[in-house]
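Accompanying notes for the structure given below.
Bear in mind that the values in this text are calculations on the coordinates, not laboratory data. Treat the numbers as computed from the prediction; the structure is a model and nothing was measured. Please note: Cβ atoms are built from the backbone with ideal geometry, for glycine as well, and neighbour counts cover all protein chains shown.
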Amino acid sequence: MKTTLRTAAVLAAGLCLSAGLAYAIDDGSGDPTAVKSVDGKWFDKDGHPTFKIEEDGTVDWYTYVGFTRYSANCLRCHGPDGLGSSYGPALAESLKRLDYVRFAATVAAGRQNVSASQDLVMPSLGNNKNVMCYLGAIYTYLRARADGAIGRGRPEKHAPKPAAFTEAEDKCMG
């Protein structure tokens with residue numbers, strides 16, 4: 001499994017590097033409307049992970065898991081609900097401009113932004129299964145926050161866990 005995570009990290013970093021000045025481009029994450037579901041995962045028209053929220057407020061399973069994994073792994077630097085902190089930027093704001101490929105590349109490879117007034121470092125998490133195995137779910141949660149589709153805190157209602165989720169989780173986590 002280390003090889004798979006390492007491969008994913010290298011591919012994500014490569015996608016980022018192949019985009020050249022991708023971080024300077026402010027093209028947004030696109031229309032988050034869910035158009036396709038595969039095994040309980042929702043995707044937008046461009047094939048990127050997205051959220052699905054029912055009229056009664058029930059969130060899809062992956063958005064819910066994204067909240068729990070964000071809270072366990074990202075909150076300490078990026079603040080509760082993706083609102084930012086003195087350590088890390090507000091990801092709920094960043095996801096308004098950041099597509100899935102750039103998000104995955106940054107998480108996997110890390111990022112350093114050093115200037116005369118600051119030294120901001122996002123560590124590489126490409127070998128961290130607790131992040132990489134749930135990367136799509138974390139993105140989905142943050143995308144829903146960026147879009148204003150869900151509020152602060154744990155979503156009150158969520159769809160049931162798809163069987164495919166357990167299978168994928170077991171395979172990735174080992």
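A compact table of results
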quantity	calculated
Positive minus negative residues near E169 (Lys, Arg vs Asp, Glu; Cβ under 14 Å)	+2
For R97, residues with placed amide H under 5 Å, excluding near neighbours	S29
Proximal lysines relative to K129, as straight alpha-carbon distance under 27 Å, when same-chain residues fewer than 8 apart are discounted	K2, K36, K41, K52, K96, K157, K161, K171
Sequence ranges 42-51, 67-76, ranked by mean other-Cβ count within 10 angstrom, highest first	42-51, 67-76
Where labels lie 7 Å past Cα in the beta-carbon direction, separation of A168 and A149 in nm	1.5 nm
